[in-house]
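These notes are about the structure you will find just below.
Bear in mind that the values in this text are calculations on the coordinates, not laboratory data. Quick caveat, the model's predicted, so the values are computed rather than measured. Positions of Cβ are backbone-derived with ideal geometry, glycine not excepted, and every protein chain shown enters the neighbour counts.
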Amino acid sequence: MKSKVRISADDKIVVLTGAGISAESGLRTFRDHNGLWDQYKIEEVATPQAFSNNPELVWEFYKLRYDQLGQVFPNPGHLALVELELRIKDNFTLITQNVDGLHGIAGNKNILEIHGSLREIICINCRTKFKFTEIDMGGKIPLCLKCGGNLRPDVVWFGEIPYYLDKIDALLSTADYFLVVGTSGSVYPAAQFLQISKQYGAYTVGVNFDKPDNLVYLDEFHQGKSGEILPQLIDIWLGEHE
Ligand code: APR
């Protein structure tokens, strides 16, 4: 493997991840063959309208996600990003579209979960937040422990505004390197971060199983599984293998 990147402690790096980085942990992606959107319609399970029209169906979908959540663990791709943050500390920011929380479990600190997290559940009535482990998923719709209102996963659905967008432009404008991993590059606004960072002058690197939709904005593309590629790539970046 070859890469032009060599990192020093004052380089600023922004990483964007998507479902592909968690694939080797056993979680399905959305748009790959046999992905989640092959089996469910986005508009029936991942929009605010779906939740007000048919919360039982939305919860049927999410209960399957919660059944897996306690049984999945970070893979070598997640762990490689921890090594990177340990080296450059506050100059590292990880933006993730993933709601599985695996980056935090792996040990990354500076994480922006722009699509929220399945690990938090929020009451649509009183807005109290709970850890997913506190909630009884037995009924058709889990209910708030405080007010009895309907609970929903604290994730961003289609038609809702992703979190932390106010911070992201400033991050992209100062990044020396932008690394994008495991995302099809098809869901906005995240899909645009690569192009924006490149326009601001970052050197851009992609790691993905398939060619992403926004491939044209990558200075370097490493095709394959992130659990195999990222550990080697980041070793090279940190000067541990020449
Ligand atoms: N290593 C690296 N990349 C992988 C791997 C792997 N082991 N397995 C799959 N991929 C790649 C696929 O080639 C694909 O390009 O990961 C990408 C996953 O793409 P999507 O399923 O579209 O997932 P993502 O880009 O994260 O979706 C964005 O869409 O449905 C919404 O809110 C959901 O956050 C999600 C958003």
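Here is how the numbers come out for the structure above:
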{"item": "Between the stretch 112-190 and the stretch 1-54, the alpha-carbon center distance in angstrom", "result": "13"}
{"item": "Rg(Cα)/(2.2 N^0.38 Å) for the stretch 69-177, N = residue count", "result": "1.24"}
{"item": "Shape box of the stretch 144-192 [Cα atoms, principal axes, largest first, Å]", "result": "48, 23, 18"}
{"item": "The chain - share of DSSP beta bridges that are antiparallel (%, nearest 5)", "result": "30"}
{"item": "Cα gyration tensor, the stretch 48-105 - rounded (a/c under 1.5), prolate or oblate", "result": "oblate"}
{"item": "Efficiency of FRET between Ser52 and Glu120 - r from beta-carbon atoms, R0 25 angstrom, step 0.05", "result": "0.80"}
{"item": "The chain: relative contact order in percent, alpha carbon pairs under 8 Å with at least 6 residues between", "result": "25"}
{"item": "Surface/4 estimate of mean projected area, convex hull on alpha-carbon atoms of the stretch 106-147, nm²", "result": "4.1"}
{"item": "Calculated FRET efficiency for the pair Gln71/Trp37, C-beta based, R₀ 25 Å, to 0.05", "result": "0.65"}
{"item": "Where the Cα pairs of the stretch 122-239 fall when distances are cut into 10 Å bins, in %", "result": "12, 30, 24, 21, 13, 1"}
{"item": "Partner lysines for Lys2 [C-alpha distance under 30 Å; skip if fewer than 8 residues away on the same chain]", "result": "Lys12, Lys89, Lys109, Lys198, Lys211, Lys225"}
{"item": "Rg to Rh quotient for the chain, alpha carbon positions, Kirkwood Rh", "result": "0.98"}
{"item": "Volume in Å³ per residue [convex hull over Cα atoms, computed for the stretch 1-128]", "result": "136"}
{"item": "Most mobile of Thr183, Thr17, Thr128 in a GNM of the chain (Cα contacts under 10 Å)", "result": "Thr128"}
